[in-house]
Amino acid sequence: MPLDIVILGLSLRSSWGNGHATTWRALVGALCERGHRVLFLERDVPWYAGNQDARGELPGRLELYGGLDELKQAHAEAVAAADLVIVGSYVPDGIEVGQWAQETARGVVAFYDIDTPVTLAALGRGECAYLDPAQVAGYDLYLSFSGGRSLEVLASKYGSPLPVPLYCSFDPSRYYPEPAKAEHDLGYMGTYSDDRQPVLDELLLQPARSWEQGRFVVAGPQYPDHIQWPANVDRIEHLAPAAHRGFYNRQRFTLNVTRADMVAAGWSPSVRLFEAAACATPIISDAWEGLDSLFTPGREILIAERAADVTGWVRDMPEEERRAIGEAARRRVLAEHTAAHRAEALERYFDRAAQRRSPDRSAARVCDDSQA
């Protein structure tokens with residue numbers, strides 16, 4: 001049964017400095033392909049307005065609002081009537097937006113946490129700007145970018161009635177192998193963060209320094225000027241999603257580096273893993289709990305602990321073995337991690353949440369047993 005879905009998210013139109021946009025685009029696109037009607041509400045801020053990278057290609061229907069008052073005045077009816085309302089992490093004034101959504105919506109209200117370990121760490125410190133601890137129990141459904149013990153914490157400590165994993169995903173029509181000359185032996189894409197930089201230094205900059213004939217690249221904004229990049233490391237300040245496929249296809253290996261909070265929590269895959277695997281580019285990643293449930297180490301992904309691991313693989317691995325790892329990873333993500341898989345999971349979660357609701361806040365539509 002088609003659903004009316006309203007999403008209040010960080011940004012759909014711009015991926016500048018945030019990874020939410022590609023996740024939202026893939027999910028919204030898959031939901032629309034399955035017949036659902038999706039309205040995405042985005043706060044109009046200058047840094048996203050000035051860095052749009054998907055004009056004319058956005059799925060669903062996008063509406064901008066200038067602030068809380070405009071949001072409430074212009075979109076209360078849509079939120080009230082929706083079968084499913086989803087509030088995303090890092091939304092400006094997220095606590096107020098979430099409270100309003102819980103009070104206004106008659107359907108299922110969900111929180112989609114694209115930053116679960118970061119959120120839990122901030123909640124523990126009492127410093128989360130977009131989610132109040134008391135609000136967690138008020139969301140019928142907590143969609144989490146992390147699985148594992150994060151779900152247990154959300155249920156036991158914060159009272160979430162239905163915490164479930166909804167990992168990031170990729171769109172197979174946008175990410176696939178294509179013939180391209182390899183320009184780099186190893187590449188990395190990600191916005192700068194203090195906690196990731198030491199690992200990036202160990203797993204990319206150190207190999208670049210020790211193997212001067214190698215070719216390396218780092219793409220992403222906000223890196224400090226004081227970083228001393230080796231001469232054989234190219235820098236790209238920002239790479240729009242439309243260029244991601246080409247970026248992966250022009251490197252022999254790609255590197256995944258994980259935020260410290262996500263390493264500590266485990267079970268927190270980055271969208272880079274799925275997008276690169278879809279392009280059949282072999283992935284070298286740091287280690288964290290749960291990674292081996294997504295990819296088989298040594299066969300579908302390479303897990304590095306030190307610079308020497310990386311240098312050995314990118315310099316000495318036979319080409320046949322390198323290709324086999326990339327192709328095995330592509331088969332895995334096509335079978336388990338497309339945006340269509342996530343849309344199907346969201347439908348199942350919606351049915352569960354709708355059936356759990358109390359009579360006075362029943363969902364606008366609940367499939368009967370024959371339809372569920």
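Does ARG25 qualify as being of a type outside the set (Ser, Thr, Tyr), open to solvent by 20 Å² or more (accessible area, probe 1.4 Å), closer than 29 Å to GLU344 by Cβ and in contact with a Phe, Trp or Tyr (Cβ under 8 Å, 6 or more places away or on another chain)? Spell out how you get there, then give the answer.
Details: of a type outside the set (Ser, Thr, Tyr): yes; open to solvent by 20 Å² or more (accessible area, probe 1.4 Å): yes; closer than 29 Å to GLU344 by Cβ: yes; in contact with a Phe, Trp or Tyr (Cβ under 8 Å, 6 or more places away or on another chain): no.
No, not satisfied.
To keep it simple, each residue is scored yes or no on (1) charged (D, E, K, R); (2) open to solvent by 30 Å² or more (accessible area, probe 1.4 Å); (3) closer than 28 Å to GLU103 by Cβ.
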position	(1), (2), (3)
PRO133	no, yes, yes
SER156	no, yes, yes
ASP171	yes, yes, no
MET189	no, no, no
VAL199	no, yes, no
ALA208	no, no, no
Task: Of all residues in region 95-119 being at pLDDT 95 or above, among the hydrophobic types (A, V, I, L, M, F, W, C) and not in a loop (DSSP other than H, G, I, E, B), the one that is surrounded by the most Cβ atoms within 10 Å (Cβ to Cβ) - done: VAL108
TODO: Restrict the check to region 306-327 and report whether at least one residue is modelled with pLDDT of 95 or more, more than 16 Å from the chain's Cα centre (by Cα) and within 24 Å of ILE114 (Cα to Cα).
DONE: no
Open item on the list: open to solvent by 50 Å² or more (accessible area, probe 1.4 Å), closer than 30 Å to ALA101 by Cα, basic (Lys, Arg) and touching a residue at least 60 places away in the same chain (Cβ under 8 Å): is that true of ARG348 in this structure?
Closed with: no
Task: In region 284-324, the residues that are surrounded by fewer than 23 Cβ atoms within 10 Å (Cβ to Cβ) and within 18 Å of PHE247 (Cβ to Cβ) - done: ARG322
- [ ] Taking only region 251-260 into account, find how many residues are farther than 27 Å from ARG13 by Cβ and part of a strand (DSSP E or B).
- [x] 4
- [ ] Among what's in region 219-245 and is surrounded by 19 or more Cβ atoms within 10 Å (Cβ to Cβ) and in a helix (DSSP H, G or I), pick the residue that is farthest from the chain's Cα centre (by Cα).
- [x] ARG245
Open item on the list: I'd like the residue in region 79-92 that is open to solvent by 10 Å² or more (accessible area, probe 1.4 Å) and under 19 Å from TRP24 (Cα atoms) and, out of all such residues, is farthest from the chain's Cα centre (by Cα).
Closed with: PRO92
Task: Among the candidates PRO269, PRO282, residue that is over 16 Å from the mean Cα position of the chain (by Cα) and in contact (Cβ under 8 Å) with a residue 24 or more places away in the chain - done: PRO282
Task: Looking only at region 135-154, and only at residues there that are open to solvent by 50 Å² or more (accessible area, probe 1.4 Å) and either without any contact (Cβ under 8 Å) to a residue 12 or more places away in the chain or of a type in the set (D, E, K, R) (or both), the one that is nearest to CYS168 (Cα to Cα) - done: ARG149
Task: Those residues of region 177-207 which are without any contact (Cβ under 8 Å) to a residue 60 or more places away in the chain, in a helix (DSSP H, G or I) and closer than 22 Å to ALA243 by Cβ, in sequence order - done: LEU200
- [ ] Tell me which of these TYR248 doesn't satisfy, since it passes every other one: (1) in contact with a Phe, Trp or Tyr (Cβ under 8 Å, 6 or more places away or on another chain); (2) closer than 20 Å to ALA304 by Cβ; (3) assigned to a loop (DSSP other than H, G, I, E, B).
- [x] (3)
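Taking the conditions exactly as written (touching a residue at least 12 places away in the same chain (Cβ under 8 Å), among the aromatic types (Phe, Trp, Tyr) and over 19 Å from TYR175 (Cα atoms)), does TRP24 satisfy them or not? It would help to see each step written out before you state the result.
Working: touching a residue at least 12 places away in the same chain (Cβ under 8 Å): yes; among the aromatic types (Phe, Trp, Tyr): yes; over 19 Å from TYR175 (Cα atoms): no.
So TRP24 does not fit the description; no.
Might you let me know whether region 1-8 holds any residue that is buried (at least 18 other Cβ atoms within 10 Å of the Cβ) and on the phi > 0 side of the Ramachandran plot?
Taking region 1-8 as the starting set, the residues that turn out to be buried (at least 18 other Cβ atoms within 10 Å of the Cβ) are 3, 5-8.
Subset that is on the phi > 0 side of the Ramachandran plot: none.
No, because not a single residue in region 1-8 is buried (at least 18 other Cβ atoms within 10 Å of the Cβ) and on the phi > 0 side of the Ramachandran plot.
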Open item on the list: On the basis of being among the acidic types (Asp, Glu), open to solvent by 30 Å² or more (accessible area, probe 1.4 Å) and out of contact with any His (no Cβ under 9 Å at 6 or more places or on another chain), does ASP194 make the cut?
Closed with: yes
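Which fully enclosed helices (runs of 4 or more DSSP H) of region 1-88 have 2 or more residues being among the acidic types (Asp, Glu)? Don't jump to the end; show me each part of the working.
Values: elements: 20-33, 46-49, 68-81.
Those helices (runs of 4 or more DSSP H) span 68-81.
The values are calculated or read from the model by the stated rules, or taken from the named source; none is laboratory data. What you see is a predicted model, and the numbers here were worked out from it, not measured in a lab. Reconstructed Cβ throughout: ideal geometry from the backbone, glycine too, with neighbour counts over all protein chains shown. Ligands, DNA and RNA are stripped out before the accessible areas are found, and what is left, the full protein with its side chains, is counted by its heavy atoms. Shrake-Rupley method; radii C 1.70, N 1.55, O 1.52, S 1.80 Å.
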